[in-house]
Every structure is written in C-alpha cells, then in structure tokens.
Amino acid sequence: MVKPSLYDTICAIATPPGEGGIAVIRISGQDSFNVINKIFFRNNKRIDSHSISSDDANKIIYGFIFDNEILIDEVLISVFKSPNSFTGEDIIEISCHGGFFIANKIITLLNKLNIRI
C-alpha cells in the first residue's frame, strides 16, 4: 500500500449520504483537471473537443461521466482553480443524481484512477 501524502489528489462525497436529489463529489488536488478529463464528456457520445482547464474556472459545465464506454450519469461540474478556491488547490465538484448508487459508482471510478478517498 502506498503511504498517503499531503500532495495526493483526493475525493469525497460532500453531501449527506442518503436519498437526496443530488450528491456532490469533491475532487481536490493537483491532478483534479487531469482526472476529470478522463471521465467527463460534454456530450453523451464521448466526443469531446474541449477538455476542462483553468480557462473554465468559476464555471458550471453540463456533461456526462463515463467509465470506459459505460455511461454513469448526467452531471454538472463546478471548476475552481488554485489559488482562488476554498482549499487553495484545484477543485472539481461533480453534482450527480442523489442516493447511494451513482455517487458510489463515481467514487469507485475515481479511486480506480488513483484518486485517494
């Protein structure tokens, strides 16, 4: 097992667990933009001409989360660029459909991409 570092990119569900209408998953750290560009697409055909970057800071972007070819959910992402975020790091917040199932699928996907929970 790799020892956790203060510089790891991390993720967590930021809303209370349960039956809410939405769940928010926060990704924080230097690899936030890299990892979201692997799973987020602005259309449901996985054809994307624009990746998420610092140019998208302070915006909310509509799109889809995919695990390889499998559509996980239709989402909104909020983009916060360091140092102007509340942690001082790059942050992506994924607003997905609520409940346990979808949020856990996204957390599992992020963990497979070496984002620490």
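Every number in this text was worked out from the coordinates using simple rules, so none of it is lab data. Remember, predicted model here, so these are calculated numbers, not experimental data. Note that each Cβ is placed from the backbone with ideal geometry, even for glycine, and that neighbours are counted across all protein chains shown.
The table for this structure:
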{"quantity": "Sequence-separation-based contact order of segment 53-111, relative, with Cα cut under 8 Å and 6+ spacing, percent", "calculated": "27"}
{"quantity": "Under 26 Å from the Cα of K112 - lysines, other chains or at least 8 residues apart", "calculated": "K3, K38, K45, K81"}
{"quantity": "For segment 10-112: rounded, prolate or oblate by the Cα gyration tensor [a/c cutoff 1.5]", "calculated": "oblate"}
{"quantity": "I22 versus S82: modelled label distance in nm, points set 7 Å from Cα along the beta carbon direction", "calculated": "2.6"}
{"quantity": "Cβ-placed point charges (K, R +1; D, E -1), dipole of the chain about Cα centre in debye, nearest 20", "calculated": "160"}
{"quantity": "Order by protection proxy (mean Cβ within 10 Å, highest first), peptides 89-102, 66-79", "calculated": "89-102, 66-79"}
{"quantity": "Förster radius 25 Å - calculated FRET efficiency between N68 and A12 (Cβ-Cβ, nearest 0.05)", "calculated": "0.60"}
{"quantity": "Net dipole in debye of segment 10-51 [+1 Lys, Arg Cβ; -1 Asp, Glu Cβ; about Cα centre; nearest 20]", "calculated": "200"}
